[in-house]
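**Student:** Before I ask anything, here is the structure I am working with.
The values are calculated or read from the model by the stated rules, or taken from the named source; none is laboratory data. Keep in mind that this is a model prediction, so the values were computed, not measured. Here the Cβ is made from the backbone with ideal geometry for all residues, glycine too, and neighbour counts use every protein chain on show. Side chains are part of the model used for accessible areas, which takes the heavy atoms of the whole protein and leaves out ligands, DNA and RNA. Shrake-Rupley method; radii C 1.70, N 1.55, O 1.52, S 1.80 Å.
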Amino acid sequence: TLSENDTSYNSFSVSHALFDIKNRYLNCPKYSPAVAGIYSALVPGLGKLYIGYKYQAFTAFICNALLAAQAAESYFKSGITSPRFIITAGMFSVFYTGNIIGSISMTKKKKKDYYNELDYEILNYYYSDINQFSN
């Protein structure tokens, strides 16, 4: 990577702002959608916690835990063929699967948003230079 001490850095006269953006572009957060999905499959909400969404992780865990507890209670009280168990187990399955898919998609979105933010900063940098020359 290009550092401020390199001769090529000084010869190109790269501004410190662009240099900082480039370093952030090269050293983006290393979140993996696969890891987030696996974490969410192991413990609901853990994938969201992995990428930094604490409150959504807590909510996902609580919702899945309550639905799992309700499905287990329905199974032990009414049996596997009861409508109560079928409904609660179905709801738990939907929430559990949605949590995994949500963690994967949120990880992809977070990476995409990070790069879009840096692209926006680059555009603003060059836009401000164009405005200076035009005035």
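**Student:** Here is the link list: K54/K108; K48/K77; K22/K48; K54/K77. Which ones come out longer than 23 Å on Cα distance?
**Tutor:** K48/K77; K22/K48; K54/K77
**Student:** Please report, in debye to the nearest 20, how large the charge dipole of the chain is about its Cα centre when each Lys and Arg carries +1 at its beta carbon and each Asp and Glu carries -1 there.
**Tutor:** I would put it at about 760 debye.
**Student:** Now for a different question. Can I get the semi-axes of segment 87-130's equivalent ellipsoid? Compute them from the C-alpha gyration tensor as square roots of 5 times the eigenvalues, in angstrom, largest first.
**Tutor:** Largest first, segment 87-130 gives 41, 7, 4 Å.
**Student:** Write down the accessible area per residue of the chain in Å², having rolled a 1.4 Å probe over the full set of protein chains.
**Tutor:** On a per-residue basis, the chain sits at 68 Å².
**Student:** On a 0 to 90 degree scale, rounded to 10, what angle separates helix 33-42 from the longest Cα axis of the chain?
**Tutor:** In the chain, helix 33-42 runs at an angle near 30 degrees to the longest axis.
**Student:** Please report the orientation-averaged projected area of segment 17-61, defined via the convex hull of its C-alpha atoms, in nm².
**Tutor:** 3.6
**Student:** Percent of Cα-Cα pairs per 10 Å bin, from 0 to the last occupied bin, for the chain, please list those.
**Tutor:** With 10 Å bins starting at 0, P(r) equals 12, 25, 21, 16, 12, 8, 5, 2.
**Student:** Taking only Cα atoms, what is the 0 to 90° angle, nearest 10, from helix 16-26's long axis to the longest principal axis of the chain?
**Tutor:** 40
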